[in-house]
Amino acid sequence: MRSDAMPEISFLQDLESDLRAIAEQDALRAPRRRARRRVGLATALGALVTAAIVFVVIGNPIGGAGSRIDAAAEAAVAPPNLIEHTVELTRLVESGQTVTVRQERWVATDSPASWRELNDDPADGGPIEQAESPTTVSSYDATGAVIYERTKPVNWKGADHSMAIDDMNVVRRALADASVSDQGTTTLDGQTVEQFDFGSRDTNGQACSYYATAGDLRPVALDCTNLLGHPWLSSHTTYEWLDPTPANSALLSLEGVHPDARIESAPLGECVQGQHYFGPSDPRDAPCAVNAPGG
Amino acid sequence: VKDRALVAPDAFVAFYREHAEAVLAFFARRTLDAEVAADLTAETFAAAYAARARFRDHGDGAAHWVFGIARNKLSRYYRSSRVERDARDRIGLPDRAPLSDDDLTRIDDLADFAPTGEAVRQALAELSEADRRVLQLRVVESRPYPEIASLLGCSEQAARVRVSRGLQRLDGHLAS
């Protein structure tokens, strides 16, 4: 691992120079995008001021907004013993092309450290599938049908610590501190939903709209737009809560969805670089294979 | 909500410097070809750059993420026997120069084939003379099958079978 010294291999030095030049060029393009957005933002702010004046004059057409936000906050808390299923589509602009990345995740609502995630990013050359359980972290190699599983140390960050990032936490915080604006009823993909808009410090300058079911205000979707001009443009995440049937519970683990895969186990933190398990065919991983549970 | 940890140019370059050698060694050990390893390394970091806005630290840091990309690139190389350059084209990474002799030596050092070489030497020592001979001709000297058949005084088909069996026995010794 290197930290400050330049790589001694000139190919790596050249590659670093090229990547730096591209990164700096892209960073220069971002302010131009921001400038264009400011024009749109000014128009939007104008509309917002107009709407606010109308709101003050005619009163709140929704009525009881505070209680609706409270109700939405309550309904956004995941009930125990279910499986939260999310699909996130992120739009980005890379080298002038718009690319969509799909991330799908299943999380046990009563055990946030139990989840599986499938990332399908064109830049990765194929889907990357990972999972975590209270005792292991693992990834799946589709080519060899192998699950690389690493056992967490006993003192691993606490049993409830999850490596998954749950965007719903941002929504829950925004609803809980009432930093959302109730936009009333709207239609999303043909479904009647309630819309709440927010853009707190949690969102790093993003403007988000959260949609909940019209009846019981359960999560439906979260749309965020990046106002800062970074490479991603917007993300659209849909939510559903699944019952813990055997078939749905199987979605939480790599073993559940790839029952025929071979499992290569190793303790976490004792493999190469303390980070990554390359598999027993790599001579550097010999200690991991020897120490593998049951192996 | 996106993590922007790798979006800033300096952050991405620091990430590259931290993992570049390990990724290059990873490919060198698996492809046994420094030029291919260099191309795969460039393609991997181009893909990581293109995807940097979506990087999420799942607790085991960026190494897990970049080696996930590297594994996918390696799998696709194994399937097609060629290194794609989709990610390099996508971000506009220029073609690289051929590796210098110094770089070839340093990549060999980086890959540290010593443990593998010792294991292969031991496994070869346990093979019969006939197996060693046929593997020498085909694997080390890369001779075509008609020539191997002529040297061994057998049919081309028989030469293929002997090479195949020799490799299977070598694999068995390596596995044990």
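At-a-glance table
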item	result
Failed condition for B:Arg143, given (1) part of a helix (DSSP H, G or I); (2) more than 10 Å from every other protein chain (Cβ to nearest Cβ); (3) touching a helix residue (DSSP H, G or I) at 6+ places or on another chain (Cβ under 7 Å); (4) surrounded by fewer than 17 Cβ atoms within 10 Å (Cβ to Cβ)	(1)
Options A:Ser265, A:Ser234; residue that is among the small types (Gly, Ala, Ser) and either surrounded by 19 or more Cβ atoms within 10 Å (Cβ to Cβ) or modelled with pLDDT under 50 (or both)	A:Ser265
Test: residue in the range B:93-102 that is surrounded by 17 or more Cβ atoms within 10 Å (Cβ to Cβ) and over 20 Å from the mean Cα position of the chain (by Cα)	yes
Pair list, Cβ under 8 Å, 6 or more apart: the range A:130-154 residue basic (Lys, Arg), other residue in a strand (DSSP E or B)	A:Arg150/A:Thr136; A:Arg150/A:Val137; A:Arg150/A:Ser138; A:Arg150/A:Ser265; A:Arg150/A:Ala266; A:Arg150/A:Pro267; A:Lys152/A:Thr136; A:Lys152/A:Val137
Criterion (closer than 25 Å to A:Ser10 by Cβ and outside any helix (DSSP H, G or I)) met by exactly one of B:Leu93, B:Leu127, B:Leu110	B:Leu93
Top-ranked residue of the range B:64-85 - restricted to ones that are touching a residue at least 40 places away in the same chain (Cβ under 8 Å), assigned to a helix (DSSP H, G or I) and more than 7 Å from every other protein chain (Cβ to nearest Cβ), ranked as farthest from A:Glu16 (Cα to Cα)	B:Tyr77
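The values are calculated or read from the model by the stated rules, or taken from the named source; none is laboratory data. Since the model is a prediction, treat every value here as computed from it, not as a measurement. Cβ atoms come from the backbone with ideal geometry, glycine included; neighbour counts cover every protein chain shown.
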